[in-house]
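Asker: Got a structure for you, written out below as structure tokens; questions coming shortly.
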Amino acid sequence: MAEPFIIAENLSYTYTDDEGDSTEALKNVSFTVNSGEYVAVLGHNGSGKSTLAKLLNVILTPSGGSLTVGGHKIHADMSEDDVFEVRRDVGMVFQNPDNQLVATIVEEDVAFGPENLGIPRDEIRMRVDDALKTVGMYEHRGAQPHRLSGGQKQRVAIAGVIAMMPKCIVFDESTAMLDPRGRAEVMANIRKLNDDFGITVLHITHYMDEAVMADRIIVVNDGEIYRDGTPKEVFCDVEGLRRVGLDVPQGRELLYELSECGIEFDDNPIDIENCAKLILEKFGAQK
Ligand code: ADP
Ligand code: MG
């Protein structure tokens, strides 16, 4: 039986600024993420994604409703021990790796997190080496982070989180500043963390092709959950997604445009290869 790791029930968060103006960033949001799931959170700018990430790591606490992470209820009066445990269980990888890297040598940077957890020295050595191998950066362990490419830096940041052995990792637009190659490197790493180590992944993104790689997609819009389903279910609704300012993967879009011209298909794949195959079959051609 799958165990819930994150449980949000009517979760709300409102920002109030110095002038007393308030913004409801999350409104009565309810969902569950089970241990070992790979969930993409999709939504255009300002839809509340980063607010959700910050609540999961107790950077913020709920204004209403409830949020439980790894068995701990997140609230304003949590004990320091409980906050520590949640932050140990939930690693965060942000958009800009430059803000996340702290040391002048790659391996020292990766050791920083486990050192803060008070892990013994020998164990840290092992974890750092393993984490760097996992993200394919072991050969660069003695390098200076500022000499690395964006994708490499982000992989070092991921290694730093892996070395803390969290149960869950939240990626908040972690590929947004990377070139296509860097994005592909980081995406492959995220997939691997979920497949090989069973780490629960919450991948916040506005790239459709990245969301497709998840087991499930939660679409947020204006602080509310708009869709929650498999990539196939979510991307079927081309018009619905367009209404909330989102695109669909290119292959899906092409099938949609063709169906608008009266060419109907029996299946609705989302990956480009299967879309091409379906179109070719329709016209009696083969690849
Ligand atoms: P996303 O990550 O999806 O772009 P955010 O969670 O950052 O969205 O923001 C959700 C809403 O909350 C937006 O309307 C944003 O302007 C507002 N917001 C975010 N951070 C703050 C803040 N520190 N103070 C006031 N409003 C904020
Ligand atoms: Mg954001």
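The values are calculated or read from the model by the stated rules, or taken from the named source; none is laboratory data. Here the structure is a predicted model, which is why all the values come from computation and not from measurement. Because the Cβ atoms are built from the backbone with ideal geometry, glycine has one as well, and the counts that use them run over all protein chains shown. To get the accessible areas, we keep the full protein, side chains included, count just its heavy atoms, and leave off ligands, DNA and RNA. Shrake-Rupley method; radii C 1.70, N 1.55, O 1.52, S 1.80 Å.
Asker: Within the stretch 113-139, how many residues turn out to be surrounded by fewer than 18 Cβ atoms within 10 Å (Cβ to Cβ) and either assigned to a helix (DSSP H, G or I) or hydroxyl-bearing (Ser, Thr, Tyr) (or both)?
Answerer: The number of residues fulfilling the criteria is 12.
Asker: Any chance the stretch 76-86 includes a residue that's outside any strand (DSSP E or B), within 16 Å of ligand 1 (Cβ to nearest atom) and in contact (Cβ under 8 Å) with a residue 12 or more places away in the chain? Talk me through it step by step, then tell me what you get.
Answerer: So in the stretch 76-86, the residues outside any strand (DSSP E or B) come out as 76-86.
Filter once more, keeping what is within 16 Å of ligand 1 (Cβ to nearest atom): none.
So far as the stretch 76-86 goes, no, none of its residues is outside any strand (DSSP E or B), within 16 Å of ligand 1 (Cβ to nearest atom) and in contact (Cβ under 8 Å) with a residue 12 or more places away in the chain.
Asker: Can you tell me which residue is nearest to ligand 1 (Cβ to nearest atom) among those in the stretch 11-29 that are open to solvent by less than 60 Å² (accessible area, probe 1.4 Å) and small (Gly, Ala, Ser)? Break it down stepwise before answering.
Answerer: Step one: filter the stretch 11-29 for residues open to solvent by less than 60 Å² (accessible area, probe 1.4 Å), giving 11-14, 20, 25-27, 29.
Filter again for small (Gly, Ala, Ser), leaving 12, 20, 25.
Details: 12: 12, 20: 12, 25: 4 Å.
Step by step, filter the stretch 11-29, then rank; the result is 25.
Asker: Since residue 207 meets every condition but one in (1) within 18 Å of the chain's Cα centre (by Cα); (2) at pLDDT 90 or above, which condition does it not meet?
Answerer: (2)
Asker: If you don't mind, there's one more thing I want to ask. Please find, within the stretch 35-55, the residue that is farthest from residue 207 (Cα to Cα) out of those that are open to solvent by 50 Å² or more (accessible area, probe 1.4 Å) and within 14 Å of ligand 2 (Cβ to nearest atom).
Answerer: From the stretch 35-55, those open to solvent by 50 Å² or more (accessible area, probe 1.4 Å) are 35, 44-46, 54; that's our starting set.
Now drop any that are not within 14 Å of ligand 2 (Cβ to nearest atom), which leaves 44-46, 54.
Numbers: 44: 10, 45: 12, 46: 15, 54: 20 Å.
This residue is 54.
Asker: Residues being part of a loop (DSSP other than H, G, I, E, B) and either surrounded by 15 or more Cβ atoms within 10 Å (Cβ to Cβ) or among the hydrophobic types (A, V, I, L, M, F, W, C) (or both): count how many of those fall in the stretch 255-287.
Answerer: Filtering the stretch 255-287 for residues part of a loop (DSSP other than H, G, I, E, B) gives 261-271, 283-287.
Of the ones still in play, those that are also either surrounded by 15 or more Cβ atoms within 10 Å (Cβ to Cβ) or among the hydrophobic types (A, V, I, L, M, F, W, C) (or both) are 261, 263, 265, 268-271, 283, 285.
The number of residues fulfilling the criteria is 9.
Asker: So in the stretch 236-251, with the set limited to residues that are in a helix (DSSP H, G or I) and under 20 Å from residue 220 (Cβ atoms), which one is most open to solvent (accessible area, probe 1.4 Å)? First the steps, then the outcome.
Answerer: Start the filter on the stretch 236-251 by keeping residues that are in a helix (DSSP H, G or I), which leaves 236, 238-243, 250-251.
Those still in the list that are under 20 Å from residue 220 (Cβ atoms) too: 236, 238-243.
Working: 236: 54, 238: 2, 239: 94, 240: 0, 241: 2, 242: 98, 243: 169 Å².
Step by step, filter the stretch 236-251, then rank; the result is 243.
Asker: Residue by residue through the stretch 44-63, note down the ones that are within 8 Å of ligand 1 (Cβ to nearest atom) and in a loop (DSSP other than H, G, I, E, B). Please lay out each step first, then the result.
Answerer: From the stretch 44-63, those within 8 Å of ligand 1 (Cβ to nearest atom) are 44-54; that's our starting set.
Within the stretch 44-63, 44, 45, 46, 47, 48 qualify.
Asker: Against the conditions (1) surrounded by fewer than 17 Cβ atoms within 10 Å (Cβ to Cβ); (2) over 25 Å from residue 248 (Cα atoms); (3) at pLDDT 95 or above, where does residue 32 fall short? Just the number, please.
Answerer: (2)
Asker: Could you pull out the residue among 227, 191 that is open to solvent by 10 Å² or more (accessible area, probe 1.4 Å) and part of a helix (DSSP H, G or I)? Walk me through how you get there before you give the answer.
Answerer: Values: 227 fails: part of a helix (DSSP H, G or I).
Step by step, each of 227, 191 is checked, and only 191 is open to solvent by 10 Å² or more (accessible area, probe 1.4 Å) and part of a helix (DSSP H, G or I).
Asker: Sticking with this one: Which residue is farthest from residue 206 (Cα to Cα), if the candidates are limited to the stretch 245-287 and must be in contact with a Pro (Cβ under 9 Å, 6 or more places away or on another chain) and of a type outside the set (D, E, K, R)?
Answerer: 278
Asker: Within the stretch 200-216, is even one residue surrounded by fewer than 21 Cβ atoms within 10 Å (Cβ to Cβ) and assigned to a strand (DSSP E or B)?
Answerer: yes
Asker: Next question, about the same structure. Residue 135: without any contact (Cβ under 8 Å) to a residue 40 or more places away in the chain and hydrophobic (A, V, I, L, M, F, W, C), yes or no?
Answerer: Details: without any contact (Cβ under 8 Å) to a residue 40 or more places away in the chain: no; hydrophobic (A, V, I, L, M, F, W, C): yes.
It is false that residue 135 is without any contact (Cβ under 8 Å) to a residue 40 or more places away in the chain and hydrophobic (A, V, I, L, M, F, W, C).
Asker: Only one of (1) within 30 Å of residue 148 (Cβ to Cβ); (2) of a type outside the set (Gly, Ala, Ser); (3) open to solvent by less than 80 Å² (accessible area, probe 1.4 Å); (4) away from ligand 2 (no atom under 16 Å from the Cβ) fails for residue 98. Which number is that?
Answerer: Result: residue 98 passes all but (3).
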